[in-house]
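Peer 1: Here it is, the structure in full.
The values are calculated or read from the model by the stated rules, or taken from the named source; none is laboratory data. Computed from a predicted structure; not experimentally measured. Here the Cβ is made from the backbone with ideal geometry for all residues, glycine too, and neighbour counts use every protein chain on show. Remember, those area values only see protein heavy atoms, side chains included, never the ligands or the DNA or RNA. Shrake-Rupley method; radii C 1.70, N 1.55, O 1.52, S 1.80 Å.
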Amino acid sequence: EVGVLYVKTPSDSDTYSGVDAHVDFITRTDSDFGAVGSVARLGLRQPVGSSTNGEIGLELAYVTLGGAYAGYKDSLYNRQFGYGYLFDTDNFSRSNSLTAGYLAEDLGGGFYAGFGVEDANRGQYFAHLDSDSRPDLTARLGLAGQPWGSVDVSALYGTEDGNWSVKGTADVNVLTATQARFTAAYHDEQDANVIFLGAGAQHDVTDQVKAYAGLAYARVDAAPVTTFPASNLFLFGGTDDVYLANAGVSYAIAEGFDVNGELAYGRASGDNNYGGVLRFSRSW
């Protein structure tokens with residue numbers, strides 16, 4: 001995907017635009033031990049009118065042999081909780097790290113399972129890695145490809161400081177053109193404890209138009225402060241009940257060219273926040 005432009009208006013009335021772009025290099029070769037593959041991704045994030053500096057570099061770089069993988073890639077821990085750009089945690093934080101693991105994607109009957117060892121220091125590019133850190137252990141179990149939908153459970157434990165998190169996600173085919181997603185998570189990070197609940201729905205209005213909306217609630221006893229990947233699921237601070245909501249429409253103008261408009265609301269620590277995004281995406 002190359003050439004992503006977005007404009008976001010947060011509640012403080014500041015407006016900024018920017019460009020996200022990435023290009024993937026993927027290889028795959030059959031061998032006596034299974035398919036051998038490699039993935040490398042070069043990425044660019046360049047906001048305009050924001051205090052955040054742009055970044056360019058290597059986002060992914062890993063090799064695979066069957067279900068085994070090793071290199072620099074995203075966490076096995078499932079952080080997604082809703083539909084839309086503003087509910088996609090990967091658009092605002094990265095869980096990439098140096099990792100090795102195994103994911104058996106077809107155990108029969110739609111079941112899959114995996115485990116991994118991940119560097120505790122995370123970020124979008126290699127510069128975030130730290131050789132002094134102790135690893136995180138992660139596991140994932142799920143059931144996919146069912147007539148009713150799919151379910152996924154993932155967990156992560158940090159060996160350095162005892163942080164741990166568990167999250168369950170269910171995607172349900174409500175109607176032929178309507179899907180729903182339900183999420184529940186518990187996160188324990190030193191003195192930070194978070195209970196998270198989320199629900200969303202997406203409806204195919206036509207073959208080209210999708211409409212979606214979502215709600216989320218979190219009870220935050222203390223704000224997560226480290227780079228533990230589950231922390232990035234909770235994009236808010238303070239100690240309070242947190243409420244999130246979004247609604248949007250995605251329009252596929254042509255094959256590989258989408259326009260997405262979305263509005264969102266958040267309340268945390270007594271503050272109301274409003275935002276929106278207009279995003280143009282081209283992929284090929």
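Peer 1: Out of all the residues in region 113-120, is one or more under 29 Å from Ala184 (Cα atoms), out of contact with any Lys or Arg (no Cβ under 7 Å at 6 or more places or on another chain), at pLDDT below 90 and buried (at least 17 other Cβ atoms within 10 Å of the Cβ)?
Peer 2: Looking for residues that are under 29 Å from Ala184 (Cα atoms), out of contact with any Lys or Arg (no Cβ under 7 Å at 6 or more places or on another chain), at pLDDT below 90 and buried (at least 17 other Cβ atoms within 10 Å of the Cβ), one finds at least one in region 113-120, hence yes.
Peer 1: Name the residue, out of Leu129, Leu156, Leu103, that is at pLDDT 90 or above and open to solvent by 30 Å² or more (accessible area, probe 1.4 Å).
Peer 2: Values: Leu129 fails: at pLDDT 90 or above; Leu156 fails: open to solvent by 30 Å² or more (accessible area, probe 1.4 Å).
So the residue among Leu129, Leu156, Leu103 that is at pLDDT 90 or above and open to solvent by 30 Å² or more (accessible area, probe 1.4 Å) is Leu103.
Peer 1: Something else now. What is the one condition in (1) modelled with pLDDT under 90; (2) hydroxyl-bearing (Ser, Thr, Tyr); (3) open to solvent by 40 Å² or more (accessible area, probe 1.4 Å); (4) on the phi < 0 side of the Ramachandran plot that Ser269 does not satisfy?
Peer 2: Tallying (1) modelled with pLDDT under 90; (2) hydroxyl-bearing (Ser, Thr, Tyr); (3) open to solvent by 40 Å² or more (accessible area, probe 1.4 Å); (4) on the phi < 0 side of the Ramachandran plot, Ser269 fails exactly one: (4).
Peer 1: Then there's this: Working carefully through the options Arg140, Arg134, find the one that is open to solvent by 50 Å² or more (accessible area, probe 1.4 Å), under 20 Å from Tyr102 (Cα atoms) and at pLDDT below 95. Give the derivation first.
Peer 2: On the way: Arg140 fails: at pLDDT below 95.
Of the residues listed, the single one that is open to solvent by 50 Å² or more (accessible area, probe 1.4 Å), under 20 Å from Tyr102 (Cα atoms) and at pLDDT below 95 is Arg134.
Peer 1: Continuing with this model, one more query. Could you tell me how many of the residues in region 159-207 are outside any strand (DSSP E or B), in contact with a strand residue (DSSP E or B) (Cβ under 6 Å, 6 or more places away or on another chain) and open to solvent by 40 Å² or more (accessible area, probe 1.4 Å)?
Peer 2: Taking region 159-207 as the starting set, the residues that turn out to be outside any strand (DSSP E or B) are 159-163, 176-177, 190-191, 205-207.
Going one step further and asking which of them are in contact with a strand residue (DSSP E or B) (Cβ under 6 Å, 6 or more places away or on another chain), we end up with 163, 177, 205.
Cutting the leftovers down to open to solvent by 40 Å² or more (accessible area, probe 1.4 Å) gives us 205.
Adding up the residues that qualify gives 1.
Peer 1: For a quick check of your reading of the model, give me the residue pairs whose first member lies in region 65-83 and is in contact (Cβ under 8 Å) with a residue 40 or more places away in the chain and of a type outside the set (Phe, Trp, Tyr), whose second is buried (at least 23 other Cβ atoms within 10 Å of the Cβ) and part of a loop (DSSP other than H, G, I, E, B), with beta-carbon atoms closer than 7 Å and at least 6 apart or on different chains.
Peer 2: Ser75/Ser95; Arg79/Ser95
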